[in-house]
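The values are calculated or read from the model by the stated rules, or taken from the named source; none is laboratory data. Values in this document were obtained by computation on a predicted structure and should not be read as measured data. Please note: Cβ atoms are built from the backbone with ideal geometry, for glycine as well, and neighbour counts cover all protein chains shown. Surface areas here come from the heavy atoms of the whole protein model, side chains and all, with no ligands, DNA or RNA. Shrake-Rupley method; radii C 1.70, N 1.55, O 1.52, S 1.80 Å.
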Amino acid sequence: MGTLTATSLSSASSHLNLIPRRPFGTKIKNPILHNPFSYQHPTNSHLPSYQFKRAKFELSTAISSTDTVPAADQSSKDASFGQETENSEKDEKFDWYAQWYPVMPVCDLDKRRPLGKKVMGIDIVVWWDRNENEWKVFDDTCPHRLAPLSEGRIDQWGRLQCVYHGWCFGGSGDCKFIPQAPPDGPPIHTSSKACVAAYPSCVQNGILWFWPNADSQYKDIFSKEKPPYIPEIDDPSFTNRMLTRDIPYGYEILIENLMDPSHIPYAHYGILRVPRSSERLTGKEGDQLR
């Protein structure tokens, strides 16, 4: 019978080996005072090159000579495993900036003023373009002095106006008017450098969605790919309620929180009715259930 001697879990960036414990009371010479595992922050590129790729892990086990595997068979297995891993990596690439994301329910938007939001780390401004009768989603940065357009206003002609120098923008992100430019001078406001990034957007299920890539190839993305649709929301026989809440952490922590029902009786005590055993409770909570 074979004897398991060592097991290792290896990845592209770290190795974790099973190390036998030292006898109790053994004095360690020259202790290591630093953490051998280092963390590197990812590069902060702004747009659309982010891609998700699952890390490649390999589980290997060293066994005794009684359970040996022929070298030819082992090499063929290793080659097939590597090929499968490479193919799975190609199939599992995920572009975070080539998806529809909900901004907020339309019922919470105000057509009289712009609204600033941060979605997927991108600062955006939402405003109502009455000239095109559509909600618009722009990059929340004026190209002039980088002032937030969400601090601006909708002017009397229905354009988004920057609060700093009054530059005005149309529904396509093009600059319509620069107050400081001489009327008889060159048309500075038509320059591409005076434009704002306008993201594709749409309304579905009473929710404003946007596509976080302003490249021209995605201008008509809604005709090719639509956001997730829930028919019950548009069905008048169903009752639904929408609300918006800003929370200071990322989606991954939110999902972990939503998948953890055991915290509900305590973190949300008195809000949701959850059947619990009185044997697990102490103090006032236990008294209320008796």
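Counting only residues that are within 25 Å of the chain's Cα centre (by Cα) and without any contact (Cβ under 8 Å) to a residue 40 or more places away in the chain, how many does region 129-149 have?
Adding up the residues that qualify gives 4.
Give the residue that is surrounded by the fewest Cβ atoms within 10 Å (Cβ to Cβ), with candidates limited to residues of region 223-257 that are part of a loop (DSSP other than H, G, I, E, B) and hydroxyl-bearing (Ser, Thr, Tyr). Show your work before the answer.
To start, the set of residues in region 223-257 that are part of a loop (DSSP other than H, G, I, E, B) comprises 224-230, 235-250.
Going one step further and asking which of them are hydroxyl-bearing (Ser, Thr, Tyr), we end up with 229, 237, 239, 244, 249.
Details: TYR229: 9, SER237: 5, THR239: 7, THR244: 12, TYR249: 8.
Among them, the one singled out is SER237.
In region 221-249, which residue that is within 27 Å of TYR97 (Cβ to Cβ) and of a type in the set (Asp, Glu) is modelled with the lowest pLDDT? Walk me through how you get there before you give the answer.
In the first step, residues of region 221-249 are kept if they are within 27 Å of TYR97 (Cβ to Cβ); the result is 221-230, 233, 242-249.
Those still in the list that are of a type in the set (Asp, Glu) too: 225, 246.
On the way: GLU225: 95, ASP246: 80.
Filtering region 221-249 for residues that are within 27 Å of TYR97 (Cβ to Cβ) and of a type in the set (Asp, Glu), the one modelled with the lowest pLDDT comes out as ASP246.
Being surrounded by 10 or more Cβ atoms within 10 Å (Cβ to Cβ) and not basic (Lys, Arg) is the filter here; which residues of region 208-222 pass it? Outline the logic, then answer.
Going through region 208-222, the residues surrounded by 10 or more Cβ atoms within 10 Å (Cβ to Cβ) turn out to be 208-215, 218-219, 221-222.
Within region 208-222, LEU208, TRP209, PHE210, TRP211, PRO212, ASN213, ALA214, ASP215, TYR218, ILE221, PHE222 meet the criteria.
I'm told GLY185 meets every condition in (1) surrounded by 15 or more Cβ atoms within 10 Å (Cβ to Cβ); (2) small (Gly, Ala, Ser); (3) more than 29 Å from the chain's Cα centre (by Cα) except one. Can you identify the failing condition by its number?
So the condition that GLY185 fails would be (1).
If I ask for residues that are of a type in the set (A, V, I, L, M) and touching a residue at least 40 places away in the same chain (Cβ under 8 Å), which ones from region 104-128 would you list?
MET104, VAL106, LEU109, VAL119, MET120, ILE122, ILE124, VAL126, listed by residue number.
Please specify each residue of region 188-207 satisfying the condition of being open to solvent by less than 30 Å² (accessible area, probe 1.4 Å) and either part of a loop (DSSP other than H, G, I, E, B) or of a type in the set (D, E, K, R) (or both).
Of everything in region 188-207, those that are open to solvent by less than 30 Å² (accessible area, probe 1.4 Å) and either part of a loop (DSSP other than H, G, I, E, B) or of a type in the set (D, E, K, R) (or both) turn out to be VAL196, PRO200, ASN205.
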